[in-house]
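Have a look at the structure below, then the notes.
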Amino acid sequence: MWLVGVVCAALCLSGNVLAETGIPKPFHRRDQVTMRILHNMARGSRLNHLNMECLISTNDYMVKYAQTAAEKCIRAVPNDTTYGVAYIRLPKDAAGVKEFTEKATEYDDLFYSPGEEEHCAADDRCQLHKQVFWHEAHEMGCGRAICGDETVVVCAYSYKHEPLSPPYLQFPGAQCLQCSEYKPSCNSYNLCCNDDSGYELIPTPSSEIAQCSQRPDKLNRLMRFWHQPTTKNMLLTDPTEIAMLSGQPGMTEYGPIGRVATMPTAKCPQLMPINRFYNEELNFNYYEIRSERMHALRGYKNIGIIGYAVKGENICEADVPVYVFNSPKGPIHLQRGEEATKLLRSGGTYNYTWAGIAFWIWK
């Protein structure tokens, strides 16, 4: 009996030793945004690509997944996930923010062969380049941990690369020639995107910028309603309107999908009004913060401001995107979630095509 106990204790101890556990060192939100921007810059640097897409936002679920994987000190890409996963092991004192895409770019130059099959399951360097430069892209999130004398950085992505396919197509003089329907045009990074969504400046950690770019104090819930009989989509902050619509026949309440600022504030000078436009003939609403896009809204009447938002992620700590899809009737705004993911992956099957991020709000 004593011997069994000793053997059991020894096995348990050896199991704990073998199961390496890292010290969490998660990225700040600013670093998550910086890594995504560096990904877009690296991806756009691949000249003559036909179909490389932009990364548009940080996904909190992917951040959590990547952080958990980093803390497990992974030494191979997991097979039991729907996310695309890439990781890198660096010296202990490395931050991992810039090194991740620098190494991926180095390996892309080493391994990429236009038009040829790439099977590199046994080579971590090749795996890194294939996932970072996989042509399909939408959201991502990264995690970091200290594992012994190394820093492990893991990133998760919306799309998983195909083992036997080249990560992107390349042909001289053909930049963005084969963009998908829902990301149809080249943006400022030379990536397939919508308008210029995906283009941002790398956040600065300076205290001067931080002081004038803070989360607004006064926030109001943004509610989303959908009326199935008329296929009418509504974003509301007015308590009276919300009370009137709640419980109406055929009405589905999806809110709150986030919170918007109630008024301009010096803490966040980047705030812009969310204008609500209404087309009486179509019985349809549209919401816009960019003045340059408003002139194209023919047949729509501006009926007021529902709140204030910002153009990009992490501006004044904004962390919730409001998506916009085009439909035969008009644009529709959705929160991030299963409904939006279904439309994104449908490729226009439901007559809704991806049109980018309308604005960013707060949790």
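Here are a few things to note about the model shown:
- Hits in the stretch 121-153 (condition: over 19 Å from residue 167 (Cα atoms) and of a type outside the set (D, E, K, R)): 141, 142, 143, 145, 146, 147, 148, 151, 152, 153
- Applying the condition of being at pLDDT 95 or above and surrounded by fewer than 20 Cβ atoms within 10 Å (Cβ to Cβ) to the stretch 39-72 and asking which residue is farthest from residue 186 (Cα to Cα) yields 72.
- Filter result for residue 315 (under 17 Å from residue 224 (Cβ atoms), assigned by TED's automatic domain parsing to the domain that holds residue 217 and among the hydrophobic types (A, V, I, L, M, F, W, C)): no
- The C-beta contact set for the stretch 270-283 (first residue of a type in the set (Gly, Ala, Ser), second residue crowded, with 18+ Cβ neighbours inside 10 Å, distance under 8 angstrom, 6+ apart or interchain) is empty.
- Residue in the stretch 253-265 that is more than 14 Å from residue 361 (Cα to Cα), in the same structural domain as residue 355 (by TED's automatic domain parsing), in contact (Cβ under 8 Å) with a residue 40 or more places away in the chain and basic (Lys, Arg) present: no
- The lone criterion from (1) at pLDDT 95 or above; (2) surrounded by 18 or more Cβ atoms within 10 Å (Cβ to Cβ) left unmet by residue 146 is number (2).
- Of all residues in the stretch 54-84, those satisfying the criterion of being more than 23 Å from residue 124 (Cα to Cα) and of a type outside the set (Phe, Trp, Tyr) are 54, 56, 57, 58, 59, 60.
The values are calculated or read from the model by the stated rules, or taken from the named source; none is laboratory data. As the structure is a prediction and not an experimental result, all values here were calculated from the model. Quick reminder, even Gly has a Cβ in these numbers, built from the backbone with ideal geometry, and neighbours come from all protein chains shown.
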